[in-house]
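Just so it is clear, none of the values below were taken in a lab; they were calculated from the coordinates. Quantities reported herein were computed from a predicted structural model and do not represent experimental measurements. Using ideal geometry, Cβ is built from the backbone for each residue, glycine included, and neighbour counts are taken over all protein chains shown.
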Amino acid sequence: MSSNASHSAHPCAPALSAEVRAALAAHHPVVALESTIIAHGLPRPRNLRVAEELEGLVRSAGAVPATIAVLDGRAHVGLEKDQLERVATDPAMRKLGHRDLAPALATGASGATTVSATAFLAARAGLRVFATGGLGGVHREWTRTQDESADLRLLARTGVTVVCAGVKSILDVPATLQRLETLGVTVLGYGTDRFPGFYLTSSGEPVDWTVRTPEEVAEVMRAQDELGGPGSALIVANPVSMADQLDPALHDRVLAEALEECRERGVVGQAVTPFLLDRLMRGTGGASLEANLAAVRGNVSLAARISGAWAAAPQDPAARR
Ligand code: PSU
Ligand code: MN
């Protein structure tokens, strides 16, 4: 007990909100949510409303939301209302991948966490289920830029279940799927045998495994644990509905223009993904934003149901209530 207390007092350990702490202690379902989509992936002021809406969706599905971010050099798992507001509105919020966490904590910086940083902190805090929009991956210009999101390698060594609408369609989707295979990351299609296309219901690429219920996902999680071996993520690829997807022809046309502009302007590094998402939004008259939000909402709700199924049947028999 005392070692536990001194451990959680260490400034580098994530600070759990009271609600998340209580939920974990009671084996109540908890869903981790990333904050880069809020701070850098969505336009203001709508981003704050979305952040609140996503937390509400988790709650209405019977789980506790744990939005993750770094504030003044402290990693937080579960944010109070004013902290969530700060993530959405403070222009000084950086974008933090996993590799940025140590310098951010050491220098007292504040930032939103990407999938890689969020998955890392979620796992550190004992959370197993995480929802986002679309994962980062291999960029289309990879042979020239070597731009591959740190999301992939971090997920290859972190035992967390990530519910997403596939990977962002601004990426090279077949190359990203190939990399996931190389890295040994399991991918499940949720109700589909096609890998989703983020703004689009299908990327056209196949997935090897299809599941249809949250309970089936929890069974796969249990099997992962019983197999043992190095921890790695389980990707649950949940497509946006046909009714909510972006018009594929519009998507392809606007994306081609956005990629061209990105190259012309020499946008590189962490700025690439927010730049392309913003250009897509403008070029589609906001339609890509609606599709993005529909995808995220679906993922958050599904993640809450998966965390419920997981909490109802913990893999460790000793942990059963
Ligand atoms: N999903 C969205 N919008 C986003 C992201 C995911 O719907 O903005 C963020 C995630 O935080 C993801 C990041 O980790 O984009 C990828 O950025 P990069 O390509 O620079 O690794
Ligand atoms: Mn990148």
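Can you name the residue in the range 240-257 that is farther than 24 Å from Val300 by Cβ and buried (at least 20 other Cβ atoms within 10 Å of the Cβ) and is also nearest to the chain's Cα centre (by Cα) among such residues?
Leu255
Looking at (1) within 16 Å of ligand 2 (Cβ to nearest atom); (2) within 20 Å of the chain's Cα centre (by Cα), find the lone condition where Arg265 falls short.
(2)
Among (1) surrounded by 22 or more Cβ atoms within 10 Å (Cβ to Cβ); (2) more than 16 Å from ligand 1 (Cβ to nearest atom); (3) not basic (Lys, Arg), which single condition is Ser203 missing?
For Ser203, the failing item is (2).
Find the residue count for the range 135-161, including only residues that are within 8 Å of ligand 1 (Cβ to nearest atom), in a loop (DSSP other than H, G, I, E, B) and surrounded by 21 or more Cβ atoms within 10 Å (Cβ to Cβ).
Looking only at that region, the number is 3.
Report, by residue number, each residue of the range 241-273 that is more than 15 Å from ligand 1 (Cβ to nearest atom) and over 14 Å from Gly283 (Cβ atoms).
Ser241, Met242, Ala243, Pro248, Arg263, Glu264, Arg265, Gly266
Could you tell me which of the residues Ala233, Ala175, Ala237 is surrounded by fewer than 23 Cβ atoms within 10 Å (Cβ to Cβ), out of contact with any His (no Cβ under 7 Å at 6 or more places or on another chain) and of a type in the set (A, V, I, L, M, F, W, C)?
From the options Ala233, Ala175, Ala237, the qualifying one is Ala175.
Give the residues of the range 286-305 that are of a type in the set (Gly, Ala, Ser) and either assigned to a helix (DSSP H, G or I) or within 16 Å of ligand 2 (Cβ to nearest atom) (or both), sorted by residue number.
Passing the criteria: Ala287, Ser288, Ala291, Ala294, Ala295, Gly298, Ser301, Ala303, Ala304.
Quick one: is Ala117 in contact with a strand residue (DSSP E or B) (Cβ under 8 Å, 6 or more places away or on another chain) and either within 16 Å of ligand 2 (Cβ to nearest atom) or touching a residue at least 40 places away in the same chain (Cβ under 8 Å) (or both)?
Answer is yes for this residue.
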